[in-house]
Structure formats: structure tokens, C-alpha cells
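The values are calculated or read from the model by the stated rules, or taken from the named source; none is laboratory data. Only a predicted model underlies this, so the values are computations on that prediction, with no experimental measurement involved. Cβ atoms come from the backbone with ideal geometry, glycine included; neighbour counts cover every protein chain shown. We work out accessible area using only protein heavy atoms, side chains counted, and drop any ligands, DNA or RNA first. Shrake-Rupley method; radii C 1.70, N 1.55, O 1.52, S 1.80 Å.
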Amino acid sequence: MFEAIKWPADMVPSRSPIHFTNELEVEASPETIWSLLVDTTNWPLFYPGVQEVQLLNGHKVLQVGTHFETNLAGQDVYASVQEFEPIARLAWGGGPKSSKESRAYHAWIITPTTRGVHLWTEETMQGPLWLELAKEAPDIFWRTHEKLLQDLAKVALEREAKGSRDGVVELHALGLRWIS
């Protein structure tokens, strides 16, 4: 079975008023998915609303301890990578600069399957800013992450198809399977 998220004690789902999960089977390699997630120059291709990510600490790609700034959910956000297991697990925590009381923890688990990967992303959110946004549109965060997974899968499949034409990777069928 799939692994569980390693939550920081203060961000566990039972202590967070906002908690959601999204998952998708993708016929892409774990390496392709991983490379898209850790190289934040790719994020504008699939991450809803992200136009750029500024990595701090002098890092070129995400790694454990990387601090970064970006715009998520219409908010300027400061976060840091708190979990990093290459080609398997990635998580960051942080919050909007405009609301120090509001925080989030976003985790990814990439599990190889016989046809590609199972992507699992899960997030908890706390604080007044996130609660106000959720009141306006109760499923906004879940829907945004559904789009994130769809777009990430599309970019991964396109990248692998292009790589195949270049003789780099084996061509995978452009297919997705939703988990209900």
C-alpha cells in the first residue's frame, strides 16, 4: 500500500481545519515527475497561479532546507522544504507573508507502479487567511490541486514524448487514470 505523510506535529490533519488529498495515476516515470517538482523553473508550466519561484539559500533546485518565495492561492508565500527523499517524497511548509498566523504544509508521495506512478498530494492549512478563502469557495483548494495534478501529468507526458522523439526515453501512452 501507499506510504503516509510524515506530518509535523503542529500540522497534522486532526489539528488543521483545512485538510485535503488528491491523487492520480500517471503513465510517466517517477524520475520525470520528480524532476518537474524539484526544478521550480518548471512550476509555471503546471502549478496554478505560479509565475515564478525565487529559491533562497543559493540553491538551484529544491533540496532539504531550501527556502523559497512564490505566489500561491493569490498570496505571496514564504516556505521551506522540510522533507526530501529523492524520487519518492517531498514536502514544504510555510505561509502567506500577509498573515503570519496562517500556515500550510504540502506533501507529495511518488510511488512507482507497473504503468508509471501513483501521485499523492496532501495538504493541511491553518489560520484566518486560509479560512476566509475557504469560506468564499469551500472546495477551492481541492479543485486547485486537482488541476495541479492534471497539468503536472500533462507536462510530464509531453516531456517524455519529446524525449522519446529525441531518443532519450521510451514513449509512454498519453493516458491518465483517475482514482475515485
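Assorted remarks:
- Our coupling estimate for region 116-126, obtained by passing each phi through the Karplus curve with A = 6.51, B = -1.76, C = 1.60 and θ = phi - 60°, is x, 9, 9, 9, 10, 10, 9, 9, 10, 9, 9 Hz, Gly and Pro reported as x.
- On full extension, the segment bounded by GLN51 and ALA73 gains 6.7 nm, given 0.36 nm per residue less the C-alpha separation.
- Charge-dipole axis of region 121-165 as Lys and Arg at +1 and Asp and Glu at -1 on Cβ define it, positive-most pick from GLN150, GLY163, PRO138: GLY163
- Dipole size of the chain about its Cα centre, with +1 on Lys/Arg Cβ and -1 on Asp/Glu Cβ: approximately 100 debye, rounded to the nearest 20.
- Average projected area [Cα convex hull, the chain], square nanometres: 10.5 nm²
- Surface per residue (accessible, 1.4 Å probe) for the chain, Å²: 51 Å²
- Out-of-range pairs (alpha-carbon distance over 31 Å; input LYS6/LYS162; LYS135/LYS162; LYS6/LYS60; LYS60/LYS135; LYS100/LYS154): LYS6/LYS162; LYS135/LYS162; LYS60/LYS135; LYS100/LYS154
- Note on the chain: with neighbouring protein chains present and a 1.4 Å probe, carbon and sulfur make up 54 percent of its accessible heavy-atom surface.
- Each label was represented as a point 7 Å from its Cα along the Cα-to-Cβ direction; for THR21 and GLU132 these points are 3.1 nm apart.
- Taking each residue as 0.36 nm, the span from ASP10 to VAL61 lengthens on full extension beyond its C-alpha to C-alpha distance by 15.7 nm.
- Within the chain, the longest segment free of exposed loop sites, counting trypsin sites (Lys or Arg not before Pro) that fall outside DSSP classes H, G, I, E and B and have at most 13 other Cβ atoms within 10 Å, spans 101-180.
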